[in-house]
Amino acid sequence: MEVVDFEAGEIILINKPREWTSFDVVAKIRNHLKLTKIGHAGTLDPLATGLLILCTGARTKEINAIQDADKQYVAEITFGAVTDSYDAECPPRDIRDTSHLTPETVQEALAHFTGTIAQVPPTYSAIKVDGKRAYKLARKGKAPELKARSVMIHAIELLDMELAVARLHIHCQKGTYIRSLAHDLGQHLGTGAYLSGLVRTAIGHYKLADAQTLEDFLHKHPKRTKTPH
């Protein structure tokens, strides 16, 4: 097995498993390697998969710079309903007809969501409102009112569309909520929409193609039994 000095400082690229939080992955690797310094550079929602960057040791100093880099995603958007979380965490409601949707109408709508746009973050987000996380308030039925903020979306490409489900490639700056983009796109088209799948494919020059599964990483690097000094 390969021996790497993670305590000194390394960057780890992981393909985050679905239904794991970003912190779950950090905790698993921290405990496996008995690390004293480790963090991730950019949260992924539990239902999302794809590139999660972890920094250890001295390389934790690079976290802010990595987080500031542009992001790229492949998003699956389902039209014809909305959810309270803007993704598949909550059940679909407000079912609407989508028979009029075509790839051309979706492509035309995407032009309204490129460049600098105003975006309201999802109620089910980690943004703090009066010191409390918005998603915690939302789950208690106390949905906070979040303010719109400016985000930059460099490009959106319609990869394919089957019935009422479209796959998009999105290149954006940090702070962009793909769930809000899905919701807003559905409102613009009059059908409603929610994010039914999300894969982060790049952060800056780091690519998902170079990442490894969590299982492969744990298998490749032996478990430590005590914290190094």
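Just so it is clear, none of the values below were taken in a lab; they were calculated from the coordinates. Values in this document were obtained by computation on a predicted structure and should not be read as measured data. Here the Cβ positions follow ideal geometry from the backbone for every residue, glycine too, while neighbour counts run over all protein chains shown.
Convert each backbone phi in the range 54-63 into a coupling constant with the Karplus relation 6.51 cos²θ - 1.76 cosθ + 1.60 (shift: θ = phi - 60°), then list the ³J(HN,Hα) values in order as whole Hz, x for Gly and Pro.
Along the range 54-63, the couplings run 10, 10, 10, x, 5, 7, 5, 5, 8, 4 Hz.
Considering the zone a paramagnetic label at Ile11 would reach in this model (a point 7 Å from Cα along the Cα-to-Cβ line), which residues of the range 190-211 have amide N under 16 Å from it?
What the label zone holds, given the 16 Å backbone N cut-off, is 201-211.
Rounded, prolate or oblate for the range 1-82? Axes are the square roots of the Cα gyration tensor eigenvalues, ordered a ≥ b ≥ c, and the cut-off for rounded is a/c under 1.5.
Prolate, since a/c reaches 1.5 and a/b exceeds b/c.
If I model a spin label at Asn31 and Gln212 as a point 7 Å from the Cα along the Cα→Cβ vector, what separation in nanometres do I get?
Those two pseudo-labels are separated by 2.1 nm.
Under the Karplus relation 6.51 cos²θ - 1.76 cosθ + 1.60, θ = phi - 60°, what is the ordered set of whole-Hz ³J(HN,Hα) values for the range 27-38, x standing for Gly and Pro?
4, 4, 6, 4, 5, 5, 9, 6, 8, 8, 10, 7
Over the chain, what is the percentage of antiparallel beta bridges among all DSSP beta bridges, to the nearest 5?
Here the share of antiparallel DSSP bridges comes out near 90 percent.
For the range 1-119, what relative contact order do you get, as a whole percent, if you take Cα pairs closer than 8 Å and at least 6 residues apart?
Reported as a whole number, the value is 22 percent.
Report the full-extension gain for the segment Thr21 to Glu108: residue separation times 0.36 nm, less the Cα-Cα distance, to one decimal in nm.
Additional length available on full extension: 27.9 nm.
Considering only Cα-Cα distances, which of the following residue pairs are longer than 31 Å: Lys61/Lys220; Lys16/Lys223; Lys34/Lys147?
Over 31 Å Cα-Cα: Lys34/Lys147.
Considering only C-alpha atoms, what is the centroid distance from the range 159-177 to the range 1-57, in Å?
Rounded to whole Å, the Cα centres lie 26 Å apart.
Identify which of Lys174, Lys61, Lys71 has the largest mean-square fluctuation in a Gaussian network model of the chain, with springs joining Cα atoms closer than 10 Å.
Highest fluctuation among the options: Lys61.
Select from the range 1-109 those GluC sites (Glu not before Pro) which occupy a DSSP coil region and have at most 15 other Cβ atoms within 10 Å, ordered by residue number.
Answer in residue order: Glu2, Glu19.
How many nm is it between the label spots at Thr225 and His100, if each spot is 7 Å from the Cα in line with the beta carbon?
Calculated label separation equals 6.9 nm.
Going by how many other beta carbons lie within 10 Å of each one, how would you line up Ser99, Ser180, fewest first?
Ser99, Ser180
I need the phi-derived Karplus couplings for the range 166-172: 6.51 cos²θ - 1.76 cosθ + 1.60, θ = phi - 60°, integer Hz, Gly and Pro marked x.
10, 10, 10, 9, 10, 10, 9
Between Lys174 and residues 5 or more places away or on another chain, which pairs have amide H atoms under 5 Å apart, with H built 1.01 Å from N, and which residues are they?
Lys71
Using Cα pairs under 8 angstrom and six or more residues apart, how large is the relative contact order of the chain, in percent?
Dividing the mean separation by the residue count of the chain yields 31 percent.
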